[in-house]
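Just below is one structure, and these are the notes that go with it.
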Amino acid sequence: MKKNKATFLIVEICLAILVVFFVKHIFEDDEPQKRIAVIIDNSGAEKWDSFVNGLKQAAAVENVHLIVCNTDEIENAEEQRNLIREQLDNGADAFIIQAAPGADVLKMLQTTNQTKPVVIVANDVYEKNTDDNTNVESGLPIIMPDNYKMGYQLGLEILKQNNNDIKGKTVGIVSGLKDTESAEDRRQGLIDALSDAGCEFTFDIYTTSGEDAASTIKRYDTVDYMAVLETNALEQIGQANTEDNRKRTKVYGIGHSMKCVYYVDDGLVDSLVMSDGYDMGYRSVVELARLFENRFHSITSYTTDYRVINKDDIFKEETQTFLQTCE
Amino acid sequence: MRHYNKNIWIVLLVMMALLSGCTKQETETHKTLRVGVVLYTQDDPFINALADCLKANFEEKESDDLKIIMTVRDGKNDQSEQNDVVQEIIDAGCDVLCVGLVDRTEPSDIIEMAQTEDIPVLFFNREPVREDIMQWDQLYYVGAEAEQSGSIQGELAADLIQDNKGIDRNRDGKIQYVILEGEAGHQDTIIRTDSVVETLMDKGIQLEKLSYQFADWKRSQAENKMTQLIDQYGDEIELVLSNNDEMALGAVNAYDKLDYTEEKRPAIFGIDGLEDALDAVQQGTIQGTVYNDKEGQAAQIANLALDLFQNNSLAQYNFQDERYIFLPYQKVDASNVEDYQKQ
């Protein structure tokens, strides 16, 4: 009798555990998909294709709902704040954000991060320490390429393709939006790489929103080499090279679109440094998905890779595999 | 007690005044119009130029009270992909959609998605069939009539042939021509091709068709196809009719690369009025083009989008069949090309 009672109790406990287990699973299944809002400058631009492909692939795997916000140029913290507010109203559970230009963005993003988790992509927040001009530690997780290294690499490519002899040659620099980490760091990397080369920097300019870089550079003297450090500007200058029948300036650039790759293939751009946008998109979603699963998960910052693409490399298998992510 | 009640009333009135002040302030804060523009492809220079014009128009309309965000997305020449893009745009928040369809006969999914969210759709460049446009009263089309572009191209070519007997190089009384066509089966390809030939014949021009090639509206493809045609027919070709400027420019490139002299080249005509084509008309490498009024179309789309967003009256629009705004094509040749280059 006593044995029967014990058996009965054990069975009851087992059943209770099973009930708890299944009920938990039922409610887990009913949980609405978490929503990740992505706020990037000019979100429809081709330069984001591989990044968005990475986001979408990870969102499908991790079963999260992705919202790539409709944006054009995001010129300051205020515009970015409005987009964040809109997506908070839209039920966003987390954000993937490309920091807008300007020093006042940091505080705004830190405030957002207190409400919903934020991952910074593409470029860091632009805020420098006054004492040594290094980047201020934002405390936010960042997944992006090393922009300084990309600029440095481009400088090395200019040297390499010209037998390390550009002494007395003229170089023009076209950077992205001023007061953005990517523009400043890429430019600094390039200048550091060429600092001992004995070349002369004829012009050193930043693009502005909506500007046609190809028209802008016509105002300056013709140079031997041009380093274009931003995708849109590189696309515009590459296109202008198509139409230019004169012996053209050699163009080297940092760009993230297939259009830039076509220009390398056509010989209009001599060398291209391209970051791994797919990895950046994929990792940022996966990290947030881990956080949704485990609130104690700590998102770690990560530096994504980049690749140098020259005309001879385009049809190599590894380059083709890399470029497939853009399509 | 009476004095006490009076105080309560005063406090309540002050609170109401303050609250009404808050409401007024909220309605006066700036609004944001979010426009989603979905192109059939971002590889078409005319469409890109139209999108640039649209962007410029929206920027002009911005004020302290109105912020306009225009997002441009690529349909990648795939209707299914374009439907997904529209879904994403709606999902992210959108007030007005502007869509250049990949397939003019397949707008149903887009219309359904937009209707569910009550978002007006302005179609442009590729005209949906009437039955689709009439499905819902928030659907519009802004563009030009494809037939007119072919007719005007025919008129331009006929005028040149009649004024310049040298076009008929072999003096056989007939003009040997080739046509560079857009996409096979595409509405504009068919209409432009048919109407240009009909117009030439109506004008009394004797024609002999040597060949035709599809070049998908693209310059590089047209250059290759034209090179093949030149290999086959040499200087027998007296006239090249192209369904758009990009392909006409491809034909010019083919003759350039083969070092054909001016005397041995045919007359070449395009459609669209692209900047490069206008330059070519001025230089005499293309004899004429048909200007597709992208500035006018962009202005109409921007105005209509804003009026729909603000629930303004649409009485000032010159709608045809209630939902269509057509802007006329214009002739461009050496005599007036400078007027268009200034635009």
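Look at the dipole of chain B built from charges on Cβ: of B:VAL252, B:ALA215, B:LEU97, the Cα furthest out on the positive end belongs to B:LEU97.
Karplus-based coupling profile of the stretch A:188-199, in residue order and whole Hz: 5, x, 4, 4, 5, 5, 9, 4, 9, 7, x, 8, with θ = phi - 60° in 6.51 cos²θ - 1.76 cosθ + 1.60 and x standing for Gly or Pro. Of A:GLU293, A:GLU31, A:GLU127, which has the largest mean-square fluctuation in a 10 Å C-alpha GNM of chain A? Looking only at A:GLU293, A:GLU31, A:GLU127, the biggest GNM fluctuation is shown by A:GLU31. Between amide H atoms placed 1.01 Å from N, distances below 5 Å from B:PHE124 occur with B:VAL99, B:GLY100, B:LEU101, B:VAL142, all of them 5 or more places distant or on a separate chain. Can you give the charge dipole size of chain A about its Cα centre, rounded to the nearest 20 debye, using +1 on the beta carbon of Lys and Arg and -1 on the beta carbon of Asp and Glu? Using Cβ point charges on Lys, Arg, Asp and Glu, chain A gives about 1040 debye. For the protein assembly as shown, a crude dipole built from +1 on the beta carbon of Lys and Arg and -1 on the beta carbon of Asp and Glu, taken about the Cα centre, is about 2080 debye to the nearest 20. Size check on chain A: the Cα extents along the three principal axes, sorted descending, read 102, 44, 34 Å. Other residues within the sphere of radius under 13 Å centred on the Cβ of A:THR111, judged by their own Cβ, net out at +3 (K and R +1, D and E -1).
Fewest neighbouring Cβ atoms within 10 Å first, the residues A:ASP124, B:ASP84 line up as B:ASP84, A:ASP124. Amide hydrogen proximity for A:VAL273: with H placed 1.01 Å from N in the peptide plane, the residues at 5 or more positions away or on another chain lying under 5 Å are A:GLY253, A:ILE254, A:GLY255, A:ILE309.
Helix B:219-233 and the longest principal axis of the C-alpha atoms of chain B enclose an angle of approximately 20°.
For chain A, averaging the sequence separation of C-alpha pairs within contact (under 8 Å, six or more residues apart) and dividing by the residue count gives a relative contact order of 19 percent.
Only helical runs count toward this figure. For chain B, summing -39,500 (n - 2.57) over DSSP H runs of n ≥ 4 and dividing by all residues gives -15500 deg cm²/dmol at 222 nm. Only Cα pairs under 8 Å and 6+ residues apart enter the sum, and on that basis the relative contact order of the stretch B:147-291 stands at 26 percent.
So if I place +1 on the C-beta of Lys and Arg and -1 on the C-beta of Asp and Glu, and nothing else carries charge, what would the dipole magnitude of the stretch B:147-291 be about its Cα centre? I want it in debye, nearest 20.
For this selection, approximately 340 debye.
The lysines whose alpha-carbon is closer than 26 Å to the alpha-carbon of A:LYS107, local same-chain residues fewer than 8 away aside, are A:LYS34, A:LYS116, A:LYS128, A:LYS178, B:LYS31, B:LYS67. Per-residue Karplus couplings for the stretch B:159-166, computed as 6.51 cos²θ - 1.76 cosθ + 1.60 with θ equal to phi - 60°, are listed in order as 4, 5, 5, 5, 7, 10, 5, x Hz, Gly and Pro entered as x.
Across the stretch B:54-65, rounded Karplus estimates of 3J(HN,Hα) from the backbone phi angles (6.51 cos²θ - 1.76 cosθ + 1.60, θ = phi - 60°) give 4, 4, 4, 5, 5, 4, 5, 7, 6, 8, 4, 9 Hz, Gly and Pro being marked x. Under a 5 Å amide H cut-off, with hydrogens placed 1.01 Å from N, A:ASP93 pairs with A:ARG35, A:ILE36, A:ALA37 among residues at least 5 apart or on other chains. Each pair of Cα atoms in the protein assembly as shown enters the Kirkwood radius, and Stokes-Einstein at 20 °C and 1.002 mPa s then converts it into a translational diffusion coefficient of 75 µm²/s. In the protein assembly as shown, the DSSP beta bridges split such that about 10 percent are antiparallel, to the nearest 5.
Label positions at A:HIS297 and B:LYS174, each projected 7 Å from the Cα along the C-beta direction, are separated by 7.4 nm.
Think of the stretch B:147-291 as having a plus end and a minus end, set by charges on the Cβ of Lys, Arg, Asp and Glu; of B:ILE268, B:GLY204, B:THR289, B:GLY204 sits farthest toward the positive end of this dipole. The residue among A:ALA197, A:ILE217, A:HIS297 whose Cα reaches farthest toward the positive pole of the charge dipole of the stretch A:180-327, with charges on the beta-carbon of Lys, Arg, Asp and Glu, is A:ILE217. Using only Cα coordinates, the Kirkwood hydrodynamic radius of the stretch B:147-291 works out to 14.5 Å.
None of the figures in this text is laboratory data; all of them are computed from the coordinates on show. Every value quoted in this text rests on a predicted model; they were computed, and no experiment measured them. All Cβ positions, even for glycine, are placed from backbone atoms using ideal geometry, and neighbour counts span all protein chains on display.
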